[in-house]
Amino acid sequence: MTKQAPPARPLVDRYGRHISYLRISVTDRCDFRCVYCMAENMTFLPKKEVLSFEEIETIAMSFIGRGVGKIRLTGGEPLVRRDIMDLVQTLGSRIGAGGLEELTLTTNGSQLAKHAQGLHAAGVRRINVSLDTLDPQRFRDITRRGRIEDVMSGIDAAQAAGIAIKINMVAMAGVNEDEIEPMMAWAHGRGMGLTLIEGMPLGDVGIDRVDSYLPLRELHDRLARRYSLTKLDKRTGGPARYVHVAETDGVLGFITPMSHNFCESCNRVRLTATGQLFMCLGQDDQVNLRDALRDGGAEALDAALDQAMLLKPKGHDFVLDRNRPTPAVTRHMSVTGG
Ligand code: SAM
Ligand code: SF4
């Protein structure tokens, strides 16, 4: 891969952290209603409030110009946005000499079968697929409406197209805790990584998160008694820590926003579907890039990025507490982009 010259004005926040990773939520809509992510009845944004592809591209280019090398498309479900492959192709064309090192996405897999080849052709080489269970009925219960067969065909198609997959599994006590080991054997058996995620208190979804909260630190210790786990150095600048599992010869990740302080190495910011730039998943500080772009053009957009760097907080303060029933952050994950 072509090594880029460092940008003239890199994005560095008040704590000296370089911002090199942008997550873009391309829609807040989704064809699933996962119990930990959305309520059964969601009110989605009016389409006119959502950034056009042209606006997303302009914003993405200004980030790339300031040294952002990695972009992840997310949502909601990125692959349900109409003509999403147009955006993927435009951004993909910036990989390499255009300044972008990697374009990737996080998807629920429901639409993956029809897009896998196109994603690969556009330069996508790795994706995350969210899957919390291998059991069809349980899958339906968790997603409230998904079909596991669609996700499985999507995974088959993506692997056939040459895209590497990491499975994301939200680990929930009393819901899918018993499937962690079978999921690991399955994912590693197919050459895919498995990353376990602790449920985060984002948005009111109408279920009691305290009951299903599964501390991954304890789970890690339990697994370490049954498997040979070797810590890997792989650092993503995010809340994930990785181990290699000797018995299954695969990589297992732990995303522990609730129990692990990862903020000191945070290298990312998140753009919502309406153009709000959030500096932290767990805090409310934001800059409105849509207004900057629509009212002031490229120059105002660039100035807004500098303003954002001044606002990036030192860290989050998620709390899961029976005495505090409201979520720590009222935005759903599908708004900020997971
Ligand atoms: N729809 C896509 C998907 O499910 O992969 C992308 C968006 S989704 C919001 C991104 C990731 O966030 C998924 O892996 C999902 O499991 C995770 N997620 C959603 N709500 C969460 C929550 N409250 N706590 C932890 N993870 C959550
Ligand atoms: Fe949709 Fe992803 Fe949220 Fe599930 S986790 S409801 S698939 S956005």
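Observations, loosely collected:
- Condition check for Pro78 on (1) in contact (Cβ under 8 Å) with a residue 60 or more places away in the chain; (2) open to solvent by less than 20 Å² (accessible area, probe 1.4 Å); (3) within 24 Å of Gly146 (Cα to Cα): one failure, at (1).
- Residue check, Ile64 more than 16 Å from ligand 1 (Cβ to nearest atom), in a helix (DSSP H, G or I) and touching a Lys or Arg at 6+ places or on another chain (Cβ under 7 Å): yes
- The residue that is nearest to Val287 (Cα to Cα), counting only those in region 30-52 that are surrounded by fewer than 18 Cβ atoms within 10 Å (Cβ to Cβ) and away from ligand 1 (no atom under 16 Å from the Cβ), is Glu49.
- Within region 81-118, the residues that satisfy the criterion of being over 25 Å from Thr133 (Cα atoms), open to solvent by less than 20 Å² (accessible area, probe 1.4 Å) and of a type in the set (A, V, I, L, M) are Ile84, Leu87, Val88, Leu91, Leu100, Leu103.
- Subset of region 93-115 (residues that are within 18 Å of the chain's Cα centre (by Cα) and in a helix (DSSP H, G or I)): Leu112
- Single residue of Thr27, Thr106, Thr43 found to be free of Cβ contacts under 8 Å to residues at least 24 places away in the same chain and among the β-branched types (Val, Ile, Thr): Thr43
- Of the residues making up region 41-74, just one is within 11 Å of ligand 2 (Cβ to nearest atom) and out of contact with any Leu (no Cβ under 9 Å at 6 or more places or on another chain), namely Met42.
- Screening Ile24 on (1) among the hydrophobic types (A, V, I, L, M, F, W, C); (2) within 16 Å of ligand 1 (Cβ to nearest atom); (3) assigned to a loop (DSSP other than H, G, I, E, B) shows it passes everything except condition (3).
- So Leu73, is it closer than 14 Å to Thr272 by Cβ and buried (at least 18 other Cβ atoms within 10 Å of the Cβ): yes
- Whichever residue in region 119-133 is open to solvent by 50 Å² or more (accessible area, probe 1.4 Å) and under 23 Å from Arg270 (Cα atoms) and, among such residues, is farthest from ligand 2 (Cβ to nearest atom): Arg125
- Boolean, Tyr15 is among the aromatic types (Phe, Trp, Tyr), open to solvent by 50 Å² or more (accessible area, probe 1.4 Å) and away from ligand 2 (no atom under 11 Å from the Cβ): yes
The values are calculated or read from the model by the stated rules, or taken from the named source; none is laboratory data. If you're wondering where the values come from, they're calculated on a predicted model, not measured in any experiment. Here Cβ is always computed from backbone atoms with ideal geometry, including for glycine, and neighbour counts include all displayed protein chains. Keep in mind that these areas ignore ligands, DNA and RNA; they rest on the heavy atoms of the full protein, side chains included. Shrake-Rupley method; radii C 1.70, N 1.55, O 1.52, S 1.80 Å.
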